[in-house]
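Structure first, commentary second.
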Amino acid sequence: PTHADPQALQLLQENFPLGTLITLTPWDPQEMWTLVSAALARRPAVIAPFVTRPNERVVDRQALGLAPATAAASGVYLLHRAGDRKAGTVVLQGSEVGYAFVEKTLPLLKEEGLDVDAYYVSSAELFDLLPPEEQEKIYPAAAAREALGITGFTLPTLDRWVLSRKGRAHSLHPFRKGHYLGSGQAEQVLAEAGLDGESQFRAIREYFKG
């Protein structure tokens, strides 16, 4: 499945015994090799990758100060680490919102002087298969309690990553405006959903400054 249908991920996650089915939600094409290898090593019955479009631009992660693609193997990883003036935590899930965050939101946040720890969820099941102490090290419970979520999938897929009521109420997802999205160019659909870079920036600024 592609990201055209946000409901498909929710239908699979947590619906099978642990390790039986593994979903993959890579941000960019670089992560696919790492994620498929990590998933195969766990020997599940089913692997369900939610793939990016073929013409996605591959960014220079190192030049942008982002985590390497190999970090995706843990299922959740710190994509962008905040500096000394950290405002809070953002959790990203879905290729489209990941690209919008890196290409548009992050530069706007830097202009505003607002910095966040940005985690990316590349595979909930690969994260679940890690020892609890390693999970806490990668994504601490304290971060989940303050986090704002941004997903290209349905809101319930954020429940485990965003633990506060306020965080969930302010999280961005395709059905936030109460209707199915139209069909069209990706940029137009993201803007309609309020998931584009500028909308992400406004939501982050309102949440953490408010």
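The values are calculated or read from the model by the stated rules, or taken from the named source; none is laboratory data. All figures in this text were calculated on a predicted structure; none of them were measured in a lab. Cβ placement follows ideal geometry from the backbone for every residue including glycine, while neighbour counts extend to all protein chains displayed. Only protein heavy atoms, including side chains, enter the accessible area calculation; ligands, DNA and RNA are left aside. Shrake-Rupley method; radii C 1.70, N 1.55, O 1.52, S 1.80 Å.
Assorted remarks:
- Computing FRET efficiency as 1/(1 + (r/R0)^6) for A186 and E133, where r is the C-beta to C-beta distance and R0 is 35 Å, gives about 0.35.
- 3J(HN,Hα) along the range 94-110, derived from phi through the Karplus expression 6.51 cos²θ - 1.76 cosθ + 1.60 where θ = phi - 60°, amounts to x, 4, 5, 6, x, 5, 4, 5, 5, 7, 10, 5, 4, x, 5, 5, 5 Hz, with x in place of Gly and Pro.
- Remark: the range 44-115 carries a charge dipole of roughly 100 debye about the Cα centre, counting +1 on each Lys and Arg Cβ and -1 on each Asp and Glu Cβ.
- Average accessible surface area per residue within the range 28-163, 1.4 Å rolling probe, Å²: 45 Å²
- log10 of Debye I(q)/I(0), alpha-carbon scatterers only, for the range 1-103 at 0.22 Å⁻¹: -1.29
- Prolate/oblate/rounded label for the range 119-162 (Cα gyration tensor, a/c 1.5): oblate
- Under 5 Å, built H, 5+ apart or other chain: amide partners of L24: A48, F50
- Restricting the calculation to Cα atoms, the chain yields a radius of gyration followed by a Dmax of 15.9, 47 Å.
- For G149, distant residues with modelled amide H under 5 Å away: V91, S171, L172
- Element breakdown for the range 27-170 at a 1.4 angstrom probe: carbon and sulfur atoms account for 53% of the accessible area.
- Between the range 1-78 and the range 165-184, the alpha-carbon centres lie 22 Å apart.
- At R0 = 41 Å, FRET efficiency that the Cβ-Cβ distance of W33 and K209 yields, to 0.05: 0.60
- Normalised by the number of residues in the chain, the average gap of Cα pairs under 8 Å and 6 or more apart makes the relative contact order 23 percent.
- Antiparallel content of DSSP bridges confined to the range 42-165, in %, to 5: 30 percent
- Each principal axis of the range 36-78 carries a Cα extent, and these read 37, 23, 13 Å when sorted largest first.
- Debye intensity ratio in log₁₀ form over the Cα atoms of the range 137-210, taken at each q of 0.12, 0.14, 0.25 Å⁻¹: -0.34, -0.45, -1.16
- Taking every DSSP beta bridge that has both ends in the chain, the antiparallel portion is near 20%.
- 3J(HN,Hα) along the range 114-119, derived from phi through the Karplus expression 6.51 cos²θ - 1.76 cosθ + 1.60 where θ = phi - 60°, amounts to 10, 10, 9, 7, 10, 9 Hz, with x in place of Gly and Pro.
- Rolling a 1.4 Å probe across all protein chains gives E198 an accessible area of roughly 110 Å².
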